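All remarks here apply to the structure that follows.
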Amino acid sequence: MTTATTDSAGFRRILARNVTLPLALGLASALLFVSLIAYLLGAIGEVEHTDQVLSRSYALQQVDLEMESGLRGFLLAGDEGFLKTYEQSAAALKTNANRLKALVSDNPPQVERLERVEALQQQWAAFAAEQITLKRRDPAYSPAGRVNDGRRIKEAVREEFDQFTLLERRLRQQRSDAVNRNTLWTVIAFVAFMLGMGALLAWRGRSELTGLAATYDEAQDVQQRQAAVLQAQAWLREGQSLLGERLAREQQLAGLAHGALEFFSQYLDAVVAVLYVPHEGGGHERIATWGWDQDALEAKAHKQVLAAERTLLAEAAAQRRQIALDTVPQDYLRVASGLGHATAHAVLIAPVENERRLCAIVELGFLRPLTERDGELVQLCSSALGAALEAARFRRRLQDVLEETQQLNEELQVQQEELRTANEELEEQSRALKESQAHLEHQQAELEQTNLQLSEQTQQLADQRDALTGAQGELEARAAELQRASRYKSEFLANMSHELRTPLNSSLILARLLGDNTQGNLNEEQVKFAEAIYSSGNDLLNLINDILDIAKVEAGKLDVQPENTTIASLAESLRTTFDPLAGKRGLQLQVELASDAPAQLFSDRQRVEQILKNLLSNAVKFTEQGSVALRVRRDPLGIAFDVRDSGIGIDASQHELIFEAFQQADGTVSRKYGGTGLGLSISRDLARLLGGTLSVQSAPGQGSTFTLALPLRYEAALAQRPLSLKAPGDEPPLIAEPLRMPATPA
């Protein structure tokens with residue numbers, strides 16, 4: 001081995017030249033850069049000073065403009081509020097001017113220009129004071145004749161400011177150019193000096209350093225090769241030791257195999273691994289995996305037991321040698337994690353032996369190329385792993401034999417116990433059979449007596465059945481007769497209502513004409529009588545109309561004419577109808593469409609409006625103060641209309657009573673509110689006819705809420721048949737009943 005020789009004096013000389021000189025140059029460079037930075041900071045300070053001067057100048061001009069705007073606003077509008085802005089700006093003008101003058105105190109031309117601006121401002125202030133005095137004396141005063149005087153002063157002020165700003169900007173540009181120029185030349189000179197010195201050092205030290213480098217490289221190569229060999233041996237011994245410690249913690253075969261794969265994955269960076277052991281029926285059985293994709297495990301290509309076919313696994317087991325696949329095809333072995341999957345780049349298949357007998361086969365997958373030490377480690381660990389696997393399999397066989405022996409012992413004990421129990425049961429059954437025989441003889445005698453009684457009861461039941469059959473026929477005939485009577489009654493009411501309305505309408509017209517007293521031949525008392533007749537006739541007409549509706553419903557002659565109705569137009573129509581009535585009673589009418597309310601309804605609009613008008617009319621009638629609200633919302637049935645009031649309320653015991661015909665929550669004779677008692681009954685029948693429901697929630701003193709729920713689309717097959725006003729035949733015809741006038745909601 002050849003080495004380059006260099007005496008110690010030469011080495012010290014090289015060291016001094018290549019260390020001391022760069023340090024000196026570094027110190028000089030640091031001093032130069034510190035000086036340059038100090039110079040730049042001073043220049044930046046001057047530029048910032050110029051920026052402050054410009055900023056103060058702009059602020060002073062802004063104040064001047066605000067003074068001019070305030071004066072102009074006062075002279076044009078005569079509003080003293082503009083003078084407040086003028087006075088505030090005048091106070092700030094002098095302060096800003098003094099600050100600006102202090103900033104440019106080192107620049108005499110700029111100071112003189114500011115003094116000229118101050119003189120012009122004083123002239124304009126005198127002009128402004130004169131204009132303010134004239135405007136206050138004469139509000140109609142117009143400064144049209146003096147506008148040019150103020151404008152000339154302001155133009156002179158602006159000209160001075162423009163010159164002031166122009167000079168400051170020129171000074172800032174000159175300072176910036178000087179800084180850039182000086183900095184550029186300094187950097188160029190320094191770079192040139194450093195490059196020259198670097199080239200000189202490189203030229204002088206190259207040959208000497210080349211010799212030192214060659215000597216160092218030779219020694220370094222020898223040391224690295226020796227270190228690599230020692231490190232490889234230490235790595236193999238450490239792996240063997242770690243595997244032994246890992247296997248010592250496991251006793252079961254599955255845990256032992258999984259621990260070995262876990263060691264290989266951690267020590268060799270294997271991303272997927274599997275361990276097979278020889279199967280009793282031939283082939284190889286997979287007992288442990290590491291990092292293998294679950295989908296691949298469940299696929300047919302990766303069965304739990306591999307047949308003894310000519311596969312790479314079988315070849316490695318038969319030849320007792322390792323098989324390394326440095327480059328595998330795409331998707332040959334897939335590796336999966338929670339975030340994704342990849343394909344292994346290399347595969348190592350190695351047999352595991354113990355005393356020259358095959359114990360297992362290990363297959364490892366890597367995302368990196370294989371190295372020589374991978375196979376060496378597996379080969380070195382083969383004997384320890386094989387001994388551990390054989391010991392685990394032996395322990396498992398012993399455990400199986402022990403469990404089988406215990407199971408046989410337990411089964412023998414159970415069989416002995418079963419035999420003893422069976423003997424006792426046979427003795428007990430023998431005694432029970434003797435007792436049963438005696439009991440059966442007694443029961444036979446009782447059954448003969450019971451059969452005789454059952455025959456008599458059967459005959460009695462047959463007679464009762466015949467009697468019930470006859471009674472059922474009579475009830476069916478009676479029901480048909482009652483149904484015909486109810487239909488005749490309803491038709492009679494309908495016809496009678498039509499007959500009554502014709503003369504009643506004539507009476508109403510005549511009473512209206514008398515009440516109007518267009519000819520003036522009636523006195524005041526006679527007019528009141530005519531109006532009373534008209535009012536009573538209207539009440540009677542409403543009662544007849546309600547009776548007619550009930551009769552139509554009962555007779556099944558009320559036709560439903562469904563149509564598409566816009567909910568918004570229906571709500572607006574109800575608002576238009578009841579808003580004047582609510583206002584007349586001092587109530588607040590609220591109509592609200594919920595955000596989830598349907599837009600359209602396919603039903604009989606006339607009947608829907610009739611129900612809602614009756615509910616709103618009752619709400620207004622029974623509410624003395626507060627509000628009446630109609631809220632439209634979506635409902636499980638389809639759509640719901642809530643009519644809420646703050647009126648007198650209804651007791652819970654009366655909630656069903658108010659829906660009966662001619663019934664109200666208060667049936668006394670006080671009749672404070674009036675009404676026929678038919679409105680709610682008709683409304684509920686109409687709701688059922690439309691396939692919906694009508695319900696109430698109320699309590700005394702807390703108002704009432706009536707809810708009409710309807711399907712969004714009317715279907716005749718789903719509509720409910722309204723209940724009859726009275727059960728057929730239970731009472732005399734409805735026209736003969738005394739009409740009980742209600743005092744609370746109809």
Report summary line: A careful count of residues in the stretch 384-398 that are open to solvent by less than 40 Å² (accessible area, probe 1.4 Å), more than 14 Å from R320 (Cβ to Cβ) and in contact with a strand residue (DSSP E or B) (Cβ under 8 Å, 6 or more places away or on another chain) gives 3
Requested in this report: From the list L103, L65, pick out the single residue that is of a type outside the set (G, A, S) and closer than 30 Å to G45 by Cβ.
Outcome: L103
Query raised in the report: Looking at A480, A485, which one is without any contact (Cβ under 8 Å) to a residue 24 or more places away in the chain, more than 60 Å from the chain's Cα centre (by Cα) and over 30 Å from S536 (Cα atoms)?
Result: A480
Requested in this report: Scan the stretch 314-332 for residues that are touching a helix residue (DSSP H, G or I) at 6+ places or on another chain (Cβ under 8 Å) and farther than 14 Å from V362 by Cα and report the count.
Outcome: 0
Query - Every pair of residues 6+ apart whose Cβ atoms lie under 9 Å, when the first sits in the stretch 236-264 and is touching a residue at least 60 places away in the same chain (Cβ under 8 Å) while the second is open to solvent by 20 Å² or more (accessible area, probe 1.4 Å) and among the β-branched types (V, I, T) - result: L253/I287; A257/I287; L261/T289
Query raised in the report: Looking at A9, A4, which one is open to solvent by less than 60 Å² (accessible area, probe 1.4 Å), in contact with a helix residue (DSSP H, G or I) (Cβ under 7 Å, 6 or more places away or on another chain) and either modelled with pLDDT under 70 or assigned to a helix (DSSP H, G or I) (or both)?
Result: A4
Query raised in the report: Would it be correct to say that T50 is of a type in the set (S, T, N, Q) and open to solvent by 40 Å² or more (accessible area, probe 1.4 Å)?
Result: no
Requested in this report: Identify the residue in the stretch 149-164 that is in contact (Cβ under 8 Å) with a residue 12 or more places away in the chain and of a type in the set (D, E) and, among all such residues, is farthest from Q121 (Cα to Cα).
Outcome: D149
Requested in this report: Name the residue, out of T133, T85, that is more than 22 Å from E155 (Cα to Cα) and open to solvent by less than 80 Å² (accessible area, probe 1.4 Å).
Outcome: T133
Query raised in the report: Restricting attention to the stretch 435-443, does a residue exist that is touching an Asp or Glu at 6+ places or on another chain (Cβ under 9 Å) and assigned to a helix (DSSP H, G or I)?
Result: no
Query - Residues of the stretch 115-128 classified as open to solvent by less than 50 Å² (accessible area, probe 1.4 Å) and within 21 Å of N96 (Cα to Cα), total - result: 7
Query raised in the report: What residue, among those in the stretch 165-190 that are free of Cβ contacts under 8 Å to residues at least 40 places away in the same chain and open to solvent by 90 Å² or more (accessible area, probe 1.4 Å), is farthest from the chain's Cα centre (by Cα)?
Result: W185
Query raised in the report: Hey, among the residues in the stretch 238-253 that are among the hydrophobic types (A, V, I, L, M, F, W, C) and open to solvent by 60 Å² or more (accessible area, probe 1.4 Å), which one's farthest from L398 (Cα to Cα)?
Result: L242
Query raised in the report: Which of the residues belonging to the stretch 354-383 are closer than 25 Å to G283 by Cα, polar (S, T, N, Q) and open to solvent by 30 Å² or more (accessible area, probe 1.4 Å)?
Result: N354, Q379, S383
**Report entry** Output for the stretch 341-381, where each listed residue is closer than 24 Å to L256 by Cβ, β-branched (V, I, T) and assigned to a strand (DSSP E or B)
**Finding:** V347, I349, V352, I361, V362
Query raised in the report: Checking A316 against (1) farther than 18 Å from F263 by Cβ; (2) surrounded by fewer than 20 Cβ atoms within 10 Å (Cβ to Cβ); (3) of a type outside the set (V, I, T); (4) free of Cβ contacts under 8 Å to residues at least 60 places away in the same chain, which single condition isn't satisfied?
Result: (2)
Query raised in the report: What's the number of the condition V401 fails, among (1) under 26 Å from Q251 (Cα atoms); (2) open to solvent by 90 Å² or more (accessible area, probe 1.4 Å); (3) hydrophobic (A, V, I, L, M, F, W, C)?
Result: (2)
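The values are calculated or read from the model by the stated rules, or taken from the named source; none is laboratory data. On a predicted model such as this, the values are computed, not experimentally measured, just so you know. No Cβ is skipped: glycine too gets one built from the backbone with ideal geometry, and neighbour counts run over all protein chains shown. Accessible surface is based on the protein model in full, side chains and every heavy atom, while ligands, DNA and RNA are left aside. Shrake-Rupley method; radii C 1.70, N 1.55, O 1.52, S 1.80 Å.
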